[in-house]
Amino acid sequence: MCPVDDASNGVDGHAHTNGHTNGTTNGANAAPETNGFVAVETKQNPHIQTSNPYQPVGDFLSNISRFKIIESTLREGEQFANAYFSTEVKIQIAKALDDFGVDYIELTSPCASEQSRLDCEAICKLGLKAKILTHVRCTMEDARVAVETGVDGVDVVIGTSSYLREHSHGKDMTYIKNAAIEVIKFVKSKGLEIRFSSEDSFRSDLVDLLTLYSAVDKVGVHRVGIADTVGCATPRQVYDLVRTLRGVVSCDIETHFHNDTGCAIANAYVALEAGATHIDTSVIGIGERNGITPLGGLMARMIVADREYVTKKYNLKKLKEIEDLVADNVEINIPFNNYITGFSAFTHKAGIHAKAILNNPSTYEIINPADFGMTRYVHFASRLTGWNAIKSRVEQLGLEMTDAQIKVCTTKIKAMADVRPIAIDDADSIIRTFHGNLHRKEDVPLLPGMTEEEKKLFEMKQAELSGEREKRSLDEAADAQAEVPSGKKTKTGVAA
Ligand SMILES: N[C@@H](CCCC[NH3+])C(=O)O
Ligand SMILES: [Zn+2]
């Protein structure tokens, strides 16, 4: 049997409910009463850190503190299986991303369809602060259409791995180099930004790649792009390739990481450490297959690395709104474990965690939810709960109890939660009734809705827990007894 005391219990301290919206788009930041967790006030000012021993060591290559975002929800994201964005929705998303503060917004090729071209023109006319890019194949035909849309820049792409050269477009490296140079010169002649990217860079021949990038750098391309198109790259491979490329070209370096093997955020981070300047993202990471580096996930990673840069540059409190907007439109739920906005991202359950979090959130949080307009919760209605979490709830309910009484009340909640999952209302009802019983001549049942079998089990668990408790902390039990109004005793001999 687990003791009630937080300090001696490896896991206790949470508050679960039947009402939380696990896996829905609005679960995370809903009011505590509807999602079943208790928002907590913490004793100390959270997240004050005078120094961070884990801060990245600054070096001349690293762009951790000056990266730029190329937001591609309206290009890569449109390639997500469920995506269909009407013109109005595209405009809404573009405005939201602009409010958030992304540096660039990348749009689907105007050559994809007539409506795509019209939408691209419409977004260019919005007068957003973010620069507008469109993403086209590396051909003069596409480039000619792209430069007429009103974009600030054109992103061109062509596959360079043998897979894509042989089985997709069928062109060799010499052809690719000449096509790239022609397109780059043309787009530059129109006064627009131009980025040249290879596709499937990590399965391309290194010498081929560096020769190509060096050639386009010489004709004045603004950025070269590296793309992990199939999501195969490891952080170490990314670091090596970007670092090597950094020594070969003088232009900016953009990177694009698919998430097939779960490395998209880590790869973005090491790319910046190795000297990349721009990271491609999409909201919730939507894109081909399981998508790319998510905007929110990148923010989570980067705020830990350089809080000042990230909080000053980006309007982080808009993140949840943008994610909900995109999730609704592509008809998906925000995953429970989503960075920052997942419903359990700032929910603390184990008793030891809850206790420490109530004292100082930095104990078990590396990100301050308030930076993103989010709220932390302590999960208190379960068998793992601890008396500190219950105490916090007692205070929220405006009830007065001594610590010793709260510890006994915690025993009862744990006993009930050992019988069946309990909801926040159940835990509240136990707390309220327990509190009321302290001042009544006759006890009323702690949880009126219990079946006979549940009652029997509850009594049993309670006896076990109380027995264990008595064994471990006789003094505390005696204190509790002393604080109960005179003449009141429970079946277990512990004040109730
Ligand atoms: N979605 C393509 C485009 C790459 C362009 C990089 N910004 C890929 O993953 O290869
Ligand atoms: Zn991609």
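Points to keep in mind about this one:
- Lysines with Cα under 20 Å of LYS312, excluding same-chain neighbours fewer than 8 positions away: LYS68, LYS95, LYS129, LYS131, LYS320
- Two-site FRET efficiency, ARG66 against ASP152, from Cβ-Cβ distance with R₀ of 30 Å, rounded to 0.05: 0.90
- Probing with 1.4 Å while keeping every protein chain in the model, the per residue accessible area of region 287-425 equals 36 Å².
- The P(r) of region 380-481 has a tail past 18 Å containing 43 percent of all C-alpha pairs.
- Which of SER429, MET416, THR375, positive extreme of dipole for region 373-455 (C-beta unit charges): THR375
- Set of lysines near LYS414 by C-alpha distance (under 23 Å), chain-local residues within fewer than 8 positions excluded: LYS349, LYS355, LYS391, LYS455, LYS456, LYS461, LYS471, LYS488, LYS489, LYS491
- FRET efficiency, VAL207 to ASP103 (Cβ-Cβ, R0 35 Å, nearest 0.05): 0.65
- Charge dipole (debye, nearest 20) of region 66-305; +1 at Cβ of Lys and Arg, -1 at Cβ of Asp and Glu: 520
- Amide proton proximity set for CYS251, modelled H, under 5 Å, gap of 5+: none
- Ranked by the mean number of other Cβ atoms within 10 Å per residue, highest first, peptides 415-426, 269-280, 200-211 order as 269-280, 415-426, 200-211.
- Whole-number D in µm² s⁻¹ for region 54-165, Kirkwood Cα-pair radius fed into Stokes-Einstein, 4 °C, 1.567 mPa s: 85
- Full-stretch length increase - TYR84, ALA463 - with 0.36 nm per residue and alpha-carbon distance subtracted: 130.6 nm
- Once the Cα-Cα distance is subtracted from the 0.36 nm per residue extended length, the SER113 to LYS95 segment shows a gain of 4.3 nm.
- Amide H contacts of ARG289 (H built 1.01 Å from N, in plane; Pro and chain starts excluded): ALA81 sit under 5 Å, all sequence-distant by 5 or more or on other chains.
- Apolar share of the accessible surface for region 66-305: 49 percent from carbon plus sulfur atoms, 1.4 Å probe.
- Counting only the Cα atoms, region 66-305 fills a convex hull of 112 Å³ per residue.
- FRET efficiency, VAL219 to ASP59 (Cβ-Cβ, R0 30 Å, nearest 0.05): 0.50
- Rounded to whole numbers, the Karplus 3J(HN,Hα) couplings from phi for region 122-132 are 4, 5, 4, 7, 6, x, 6, 6, 5, 6, 9 Hz, using 6.51 cos²θ - 1.76 cosθ + 1.60 with θ = phi - 60°, and x at Gly and Pro.
- Extension gain from LYS312 to LEU126, taking 0.36 nm per residue of separation minus the Cα-Cα distance: 64.5 nm
- The trypsin sites (Lys or Arg not before Pro) of region 254-356 that DSSP puts in a loop, and whose beta carbon has at most 13 other beta carbons within 10 Å, are ARG289.
- The HN-Hα couplings worked out from phi for region 187-197 by the Karplus form 6.51 cos²θ - 1.76 cosθ + 1.60 (θ = phi - 60°) are 5, 4, 5, 8, x, 9, 5, 9, 10, 10, 10 Hz, whole numbers, x standing for Gly and Pro.
The values are calculated or read from the model by the stated rules, or taken from the named source; none is laboratory data. Note that the coordinates shown come from a computational prediction; the quantities given were computed from them, not determined experimentally. When we count neighbours, we look across all protein chains shown, and the Cβ atoms used for this are built from the backbone with ideal geometry, even at glycine. With ligands, DNA and RNA removed, areas are computed over all heavy atoms of the protein, side chains included. Shrake-Rupley method; radii C 1.70, N 1.55, O 1.52, S 1.80 Å.
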